[in-house]
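K.L.:
Here it is: the structure, laid out below.
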Amino acid sequence: MMKETEKAPAVSPKPINTTRPIGVTVICVLGFLVSILMLIAGFALAGLSGILESLGLEAMGTSGTGIVFIAISVIFIIIGVACLVAFYLLLKMRKIGMIAVVILGIISIISSIIQFSTNQVVSIVIWLIIIFYLLVKRELFVQ
């Protein structure tokens, strides 16, 4: 019997899985590299748009190019940040990270099919392997 001064041990929630498969780690490292490259490309395009606007190329019939580059750079930056967050959550073995990376992979596959070229076949195959691998390992991810 417990005395009134003794407290019952606290029940801890389901422990976080501390063992991470090496495949998940490799996917995350490569994903971080691609995300950082996307951010660099986004900021470079933003800088390029400023350079184009400052050169005054509108006289040559290229008006609005800076705005187009800004719009594309914002898209690159948003996708880069989304990928960084998704791969970080995947690295932490969170189920939402796995779902986010699978969704990003499906979007990338659809995008590759739309702009089909020989280089896109490699991208499609890589994303299919990543999605298959994550779905096989889905039991290891925690809420």
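K.L.:
Within region 27-53, track down each residue that is over 30 Å from residue 126 (Cα atoms) and modelled with pLDDT of 75 or more.
P.N.:
Correct list: 47, 48, 49, 50, 51.
K.L.:
For region 99-115, give me each residue that is closer than 13 Å to residue 126 by Cα and either modelled with pLDDT under 90 or among the hydroxyl-bearing types (Ser, Thr, Tyr) (or both).
P.N.:
108, 112
K.L.:
Please work out if residue 4 is farther than 23 Å from residue 136 by Cα, part of a helix (DSSP H, G or I), more than 26 Å from the chain's Cα centre (by Cα) and at pLDDT below 80.
P.N.:
Spelling it out, it is not the case that residue 4 is farther than 23 Å from residue 136 by Cα, part of a helix (DSSP H, G or I), more than 26 Å from the chain's Cα centre (by Cα) and at pLDDT below 80.
K.L.:
Only one of (1) in contact (Cβ under 8 Å) with a residue 12 or more places away in the chain; (2) closer than 24 Å to residue 25 by Cα fails for residue 67. Which number is that?
P.N.:
(2)
K.L.:
Which of the residues spanning region 121-138 are touching a residue at least 24 places away in the same chain (Cβ under 8 Å) and assigned to a helix (DSSP H, G or I)?
P.N.:
130, 131, 133, 134, 135, 138
K.L.:
Give the residues of region 79-95 that are of a type in the set (Val, Ile, Thr) and modelled with pLDDT of 95 or more, sorted by residue number. Spell out how you get there, then give the answer.
P.N.:
Residues of region 79-95 that are of a type in the set (Val, Ile, Thr), as a first pass: 79, 81, 85.
If the condition is that a residue be of a type in the set (Val, Ile, Thr) and modelled with pLDDT of 95 or more, then 81, 85 are the ones that fit.
K.L.:
Taking the condition of being among the charged types (D, E, K, R) and surrounded by 13 or more Cβ atoms within 10 Å (Cβ to Cβ), how many residues in region 121-143 meet it?
P.N.:
Start the filter on region 121-143 by keeping residues that are among the charged types (D, E, K, R), which leaves 137-139.
Still in the list and also surrounded by 13 or more Cβ atoms within 10 Å (Cβ to Cβ): 137.
Residues meeting the conditions: 1.
K.L.:
Six or more apart or on different chains, Cβ atoms under 9 Å: show the pairs whose first residue is in region 95-120 and surrounded by 11 or more Cβ atoms within 10 Å (Cβ to Cβ) and of a type in the set (Lys, Arg) and whose second is outside any loop (DSSP other than H, G, I, E, B) and modelled with pLDDT of 90 or more.
P.N.:
Note: pairs meeting the criteria are 95/89.
The values are calculated or read from the model by the stated rules, or taken from the named source; none is laboratory data. Please read all numbers here as calculations on a predicted model, not as lab measurements. Ideal geometry is used to build each Cβ from the backbone, glycine not excepted, and the neighbour counts take in all protein chains shown.
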